[in-house]
Amino acid sequence: MSDDTKKLFAEISKLSTEQRNPNSMDIDARSTEEILRIINNEDKKVAFAVEEEIPHIARAVDEIVKAIKNGGRLLYFGAGTSGRLGVVDASECPPTFGTPYGLIEGYIAGGREAMFRAQEGAEDYEENGAVDVIKAKVSAKDVVCGIAASRRTPYVVGAIKKAKEIGATTLFVTATPRDTFNIPEVDIPICAHVGPEVVMGSTRMKSGTAQKLILNMLTTAAMIRKGKVYENMMIDLQMTNKKLVERSKRIVMTITGISYEDASSSLEKAGGHVKTALVMIRAKVTAEEARERLNKADGFVRGAIEGSF
């Protein structure tokens with residue numbers, strides 16, 4: 001065994017994500033329902049682990065909002081499950097919140113093919129992450145978020161190091177304890193320590209669930225802070241399919257109390273823009289004036305309706 005191999009073995013052996021879970025030691029001898037209850041009981045711990053990190057998640061959200069306001073982007077870099085979660089979160093923002101494509105992007109070690117078939121070895125080199133950061137044209141305006149359950153994934157560490165060198169704000173979402181986090185290039189680490197997995201090392205389970213919850217929080221809270229939500233409804237969605245067309249009508253109907261036909265008519269006058277339609281109806285103004293109000297209110301529907309610019 002080479003010195004490098006010994007070092008890697010020792011490093012992995014110490015990770016909390018690679019320890020055996022005492023609550024599932026005999027899971028292979030349990031009935032199907034007992035297996036599921038063990039998994040479910042462990043999953044219950046995830047939300048509490050995320051809760052402990054809310055102050056750090058809040059700091060991260062504020063940095064994302066600031067970056068977007070200043071012309072920057074949010075870029076995720078991960079490998080395996082972590083990388084896929086980043087790609088999924090990024091891809092869901094345009095239809096959900098009307099964000100332009102490219103504002104939030106996900107990069108996975110091994111490229112597009114790795115979304116569907118594991119590209120073993122692609123995560124093992126820091127230079128691969130650095131190259132992807134360069135390809136993404138990361139600038140000092142951007143926020144770069146590394147995602148790695150173990151915190152040690154070379155591809156992710158390499159991406160973070162290169163992003164920091166460029167001057168970007170850096171985040172890191174991991175499932176390891178905060179007191180073991182040792183990547184100086186990270187501005188805001190988010191360490192949801194979920195403990196050992198039910199099946200040792202299977203970080204697509206509790207670790208993946210924690211990462212998914214955190215990514216949901218990062219983008220959803222950032223979009224709320226950017227005026228993409230009115231009350232508790234997403235009102236900047238794009239009507240790109242039949243479901244979203246009908247959802248848009250329902251949102252307008254729910255918020256304003258008008259009929260299906262009137263909602264359809266208002267959306268047509270608003271050019272299919274839900275925000276504009278809402279301001280038109282609630283403030284009793286034309287589509288042109290509604291757009292002016294939204295512009296003055298920095299895109300916030302509540303401010304545009306109330307005239308509090």
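FYI, it's all coordinate maths here, none of it is from the lab. Keep in mind that this is a model prediction, so the values were computed, not measured. So basically every Cβ, Gly included, is an ideal-geometry build from the backbone, and we count neighbours across all protein chains shown.
Figures for the structure shown
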quantity	calculated
D_trans [Stokes-Einstein, Kirkwood Rh over alpha-carbon pairs] for segment 1-140, 10 °C, 1.306 mPa s, µm² s⁻¹	86 µm²/s
Magnitude of the charge dipole, the chain, Cβ model with Lys/Arg +1 and Asp/Glu -1, debye to 20	860 debye
Fewest-first ranking of VAL229, VAL88, using other Cβ atoms within 10 Å as the exposure measure	VAL88, VAL229
Whole-Å distance, taken between Cα centres, linking segment 1-51 and segment 287-309	51 Å
Separation of alpha-carbon centers, segment 153-167 and segment 98-119, rounded to whole Å	17 Å
Cα Rg over Rh - segment 65-158, Kirkwood	0.97
Calculated on alpha-carbon atoms, Rg and Dmax of segment 44-225 in Å	14.7, 44
Loop-exposed trypsin sites (Lys or Arg not before Pro) per DSSP, neighbour cap 10 Cβ within 10 angstrom, longest uninterrupted part of the chain	138-283
Computed Kirkwood radius, in angstrom, where 1/r is averaged over Cα pairs of segment 125-272	18.2 Å
Rounded to 5, the percent of DSSP beta bridges in the chain classed as antiparallel	10 percent
Relative intensity, log₁₀ I(q)/I(0), of segment 229-306 from a Debye sum that treats every alpha carbon as a point, q = 0.21, 0.23 Å⁻¹	-0.84, -1.02
Among ALA168, THR99, ILE188 the positive-end extreme of the charge dipole of segment 44-225 (Cβ point charges)	THR99
q = 0.08, 0.11 Å⁻¹: log10 I(q)/I(0) that the Debye formula gives for the chain, counting C-alpha atoms only	-0.44, -0.75
Unsatisfied cross-links (Cα-Cα over 32 Å) in the set LYS135/LYS275; LYS6/LYS141; LYS45/LYS242; LYS135/LYS212	LYS135/LYS275; LYS6/LYS141; LYS45/LYS242
